[in-house]
1. Kindly evaluate residue 101 against the criterion of being surrounded by fewer than 15 Cβ atoms within 10 Å (Cβ to Cβ), closer than 27 Å to residue 58 by Cβ and modelled with pLDDT of 95 or more.
2. Checking the structure you have, find out if any residue of the range 110-126 is in a loop (DSSP other than H, G, I, E, B) and free of Cβ contacts under 8 Å to residues at least 60 places away in the same chain.
3. Can you tell me which residue in the range 44-92 is surrounded by the fewest Cβ atoms within 10 Å (Cβ to Cβ), limited to those that are among the basic types (Lys, Arg) and assigned to a helix (DSSP H, G or I)?
4. What number goes with the only condition from (1) surrounded by fewer than 16 Cβ atoms within 10 Å (Cβ to Cβ); (2) part of a helix (DSSP H, G or I) that residue 41 does not pass?
5. So, in the range 24-80, exactly how many residues are in contact (Cβ under 8 Å) with a residue 40 or more places away in the chain, over 16 Å from residue 99 (Cβ atoms) and within 17 Å of the chain's Cα centre (by Cα)?
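The values are calculated or read from the model by the stated rules, or taken from the named source; none is laboratory data. Everything numeric in this text was worked out from a predicted model, so none of it was measured. Cβ sites come from the backbone with ideal geometry, for glycine too, and all protein chains shown count toward neighbours.
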Amino acid sequence: MTAPAGSNQAPTLQRSHRISNTTILILGVVVIPFVLLAAFNSYGPLTVDSALRMAASIVVGQTIAILSVVTATVLAIKRRYGVMTVLATVVIAAMVTSSAVSTMTRAGDELLTRIDLVTETDASNR
């Protein structure tokens with residue numbers, strides 16, 4: 001038997017899928033920067049293009065890491081997590097941000113070193 005059309009059944013609600021802060025942190029701080037670095041690494045001879053590509057992938061990966069920890073912090077506050085959880089997220093965000101800025105600075109230094117190496121090699125080959 002089927003229920004009549006006017007039955008008092010409650011409508012089914014679709015549950016929204018929330019991404020946890022831990023998932024955001026793991027993907028944004030570890031996985032995505034590593035994948036970018038591996039994808040844009042120079043596996044052949046060093047050229048100016050490959051040096052620029054490697055430095056850009058490091059900067060983009062670290063920028064994503066910073067945005068991920070900021071997103072996790074904002075979500076922790078918006079979702080009204082406990083004070084200790086929000087504080088821990090802020091501390092993690094500060095540590096990741098300072099590390100990312102340091103890594104970006106080293107990427108710039110390495111880019112200059114690699115370009116100097118390429119130009120010296122090119123000059124010695126002529």
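1. On the way: surrounded by fewer than 15 Cβ atoms within 10 Å (Cβ to Cβ): yes; closer than 27 Å to residue 58 by Cβ: yes; modelled with pLDDT of 95 or more: yes.
Yes.
2. Yes, the conditions are met somewhere in the range 110-126.
3. Top of the filtered list is 78.
4. It is condition (2) that residue 41 fails.
5. 6
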